[in-house]
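The values are calculated or read from the model by the stated rules, or taken from the named source; none is laboratory data. Fair warning: this is a prediction, and the values are worked out from it, not measured in the lab. For neighbour counting, all protein chains shown are included, and Cβ atoms are generated from backbone atoms with ideal geometry for every residue, glycine included. Please note that ligands, DNA and RNA were not included when accessible areas were found on the heavy atoms of the full protein model with its side chains. Shrake-Rupley method; radii C 1.70, N 1.55, O 1.52, S 1.80 Å.
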Amino acid sequence: MGCEHQSGHAVRNAQEYRAPRHDTDVTFEAACLHCKWTATPSTDSASVDVECMSHTGRSGHAGFRRIRTSFAMVVRAA
């Protein structure tokens, strides 16, 4: 695609871009590896952990896929 990655920057058609950090919330999620149960997404990782522990207590299922989501906006470098 004509992109080169250099020190966190990408160059495409002689334009430089960057993905600066944004002060947006990170969302935490979890899904049971043994059934279709999922935790309620939250910005508080501890509340997702509590839901997983509660699910383990009710079902005996101990394996979970954990997801941490954040967002980035790519902008042209000044």
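What pairs come out if I take residues in segment 66-78 that are under 17 Å from Ala46 (Cβ atoms) and pair them with residues that are modelled with pLDDT of 80 or more and among the aliphatic types (A, V, I, L, M) whose C-beta lies under 8 Å away, six or more apart or interchain?
Listed by first residue and then by second, the contacts come to Arg66/Ala30; Arg66/Val48; Ile67/Ala30; Ile67/Ala31; Arg68/Val26; Thr69/Val26.
Determine whether Thr56 is open to solvent by 80 Å² or more (accessible area, probe 1.4 Å) and among the polar types (S, T, N, Q).
In short, no.
Looking only at segment 8-38, count how many residues are at pLDDT 70 or above, closer than 20 Å to Phe71 by Cα and small (Gly, Ala, Ser).
Result for segment 8-38: 2.
A quick yes/no check of all residues on (1) open to solvent by 60 Å² or more (accessible area, probe 1.4 Å); (2) within 30 Å of Gln15 (Cα to Cα); (3) in contact with a Ser or Thr (Cβ under 8 Å, 6 or more places away or on another chain):
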| residue | (1), (2), (3) |
| --- | --- |
| Val50 | yes, no, no |
| Phe64 | no, no, no |
| Phe71 | yes, yes, yes |
| Ala77 | no, yes, no |
